């Protein structure tokens, strides 16, 4: 039995012995961000299917315009597959410096309303506006103001989800895309979740959705029908999260100090690599990029991971954790180089290499967010 009752500016939800403050959370998500920036800056691209990243023959799609999405394109799709689905697709190279600059404009608009901002990437963030800087009592009004100012200052559109917790705000932001917003009230929450396919749940990936399907769990209602012990046994630490979100409950606060987890760089090559020396030459600038980023922000790490993607799109990773932090670029290069040597000889070409430093420490690591530096 779930009871909702007013307590001043807050609502409280009680489910048996479980009590949570219902906050006013907005999830803002830019619409096809990278592709929209390219269409904004190049009028010739407007109204046409655009993919950012890769090329017609190599790489993967980093972002697709809505015109391209009509053909089934999505982020991380191999470029050759995207071109097959949409023969008229226009590939444009990414301009991450521009995207970061626009992102800073957007986050400055967020900061006019609240200091509780949790960035998820360059183009989306959670905002807690329960006690907001302008004293606006209605979260939907704040979302409308933010979206309107983003449009005025950047020429881009954003969508927003408004709800009493992060999970439902995230789910709501996708309901009226593009250039829309959607509200899930406390009364709507449990019923909204029950009707939702679990494969659409934020935090449920394809592998987990497939496992749930094998257990007969297809919808939120199916998930709600499972007890906590069952979900813990099948899904480990994630079990309690699934148990509570199936009931529309998510106590996670918006964290402005979200801990950074890793720093990485990767590159897709114009031609497949077959020999170790060529691979070493391609790995060196990636190591340099990661090291410069960490050095500039006083970030240190202990775990080095090498990512290798082959011509047939098979992907492997190799990691090593050392006893002390990586103290110099040469140390990072040595560990990454050793991991690379373990991959050779190869029976098929390498199309992508990546290097990541994780297990981080340092003041910047504690205040920054996870964001891969993709070439």
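Assorted remarks:
- Among the residues of segment 321-343, those identified as surrounded by 13 or more Cβ atoms within 10 Å (Cβ to Cβ) and over 20 Å from residue 285 (Cα atoms) are 322, 325.
- Residues being surrounded by 14 or more Cβ atoms within 10 Å (Cβ to Cβ) and over 16 Å from residue 155 (Cα atoms) - total across segment 111-135: 17
- When residue 164 is tested against (1) in contact with a strand residue (DSSP E or B) (Cβ under 8 Å, 6 or more places away or on another chain); (2) more than 19 Å from residue 255 (Cα to Cα), just one condition goes unmet, and that condition is (2).
- Apart from one condition, residue 68 fits all of (1) surrounded by fewer than 19 Cβ atoms within 10 Å (Cβ to Cβ); (2) in a helix (DSSP H, G or I); the exception is (1).
- Residue that is nearest to residue 31 (Cα to Cα) [pool: residues in segment 56-97 that are in contact (Cβ under 8 Å) with a residue 60 or more places away in the chain and touching a strand residue (DSSP E or B) at 6+ places or on another chain (Cβ under 9 Å)]: 62
- Only one of 166, 170, 151 that is surrounded by fewer than 20 Cβ atoms within 10 Å (Cβ to Cβ) and modelled with pLDDT of 95 or more: 151
- Each residue in segment 136-148 was checked for being surrounded by 13 or more Cβ atoms within 10 Å (Cβ to Cβ) and free of Cβ contacts under 8 Å to residues at least 60 places away in the same chain, and 5 of them qualify.
- Count of segment 1-43 residues, restricted to those that are out of contact with any strand residue (DSSP E or B) (no Cβ under 9 Å at 6 or more places or on another chain) and either within 17 Å of residue 68 (Cβ to Cβ) or modelled with pLDDT of 95 or more (or both), is 3.
- Just one of (1) assigned to a helix (DSSP H, G or I); (2) more than 30 Å from residue 22 (Cβ to Cβ) fails for residue 239. It is (2).
- Filtering segment 197-217 to residues that are surrounded by fewer than 17 Cβ atoms within 10 Å (Cβ to Cβ) and either within 17 Å of residue 169 (Cβ to Cβ) or not assigned by TED's automatic domain parsing to the domain that holds residue 241 (or both) leaves 200, 202, 203.
- Filter result (surrounded by fewer than 17 Cβ atoms within 10 Å (Cβ to Cβ) and assigned to a loop (DSSP other than H, G, I, E, B)) within segment 20-57: 42, 46, 47, 48, 55, 56, 57
- Note on segment 115-186: enclosed strands (runs of 3 or more DSSP E) holding 2 or more residues that are under 24 Å from residue 99 (Cα atoms) and outside the structural domain of residue 203 (by TED's automatic domain parsing) are 117-121, 124-128, 158-163.
- Scope segment 296-311; condition at pLDDT 90 or above and assigned to a loop (DSSP other than H, G, I, E, B); matching residues: 311
- Which numbered condition residue 156 fails, given (1) modelled with pLDDT under 95; (2) surrounded by 19 or more Cβ atoms within 10 Å (Cβ to Cβ): (1)
The values are calculated or read from the model by the stated rules, or taken from the named source; none is laboratory data. Small disclaimer: the values here were computed from a predicted structure and weren't measured. Using ideal geometry, Cβ is built from the backbone for each residue, glycine included, and neighbour counts are taken over all protein chains shown.
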